[in-house]
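Report on the structure given below.
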Amino acid sequence: MTAHVRPETIDRIALPRRLLGRRPAYRFAIGQLVASGDMLAIVTERRRTAACGEMYDVTVIGADYGRPHRTFLGDGLVAAN
């Protein structure tokens, strides 16, 4: 932020960008093949939780599981190769 006024005249309440922490990148990309146990799925959507965790919406591959769309925390998934 660039302010063209004297520093004595403004009250700065926001932190400078260099002091703000950055969120880490997501573990899985949209469209990536992931696994939870023996179930294979494709990531369709991802978002952050209030505690900075990761939540992934996935579409399960195969009709044997009954529910094709599920939501997992990032810790419950691994990358499938």
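The values are calculated or read from the model by the stated rules, or taken from the named source; none is laboratory data. Values in this document were obtained by computation on a predicted structure and should not be read as measured data. So basically every Cβ, Gly included, is an ideal-geometry build from the backbone, and we count neighbours across all protein chains shown. In case anyone asks, the SASA skips ligands and DNA or RNA and just uses the protein heavy atoms, side chains included. Shrake-Rupley method; radii C 1.70, N 1.55, O 1.52, S 1.80 Å.
Please work out which one of (1) at pLDDT below 95; (2) in a strand (DSSP E or B) is the condition Thr44 fails and give its number.
All conditions pass for Thr44, except number (1).
Looking only at region 47-81, which residues are open to solvent by less than 50 Å² (accessible area, probe 1.4 Å), not in a loop (DSSP other than H, G, I, E, B) and not charged (D, E, K, R)?
Tyr56, Val58, Thr59, Val60, Phe72, Gly74, Gly76, listed by residue number.
Suppose we keep only residues that are of a type in the set (Lys, Arg) and touching a strand residue (DSSP E or B) at 6+ places or on another chain (Cβ under 6 Å) within region 39-76. Which one would you say is farthest from Arg27 (Cα to Cα)?
So the residue we want is Arg70.
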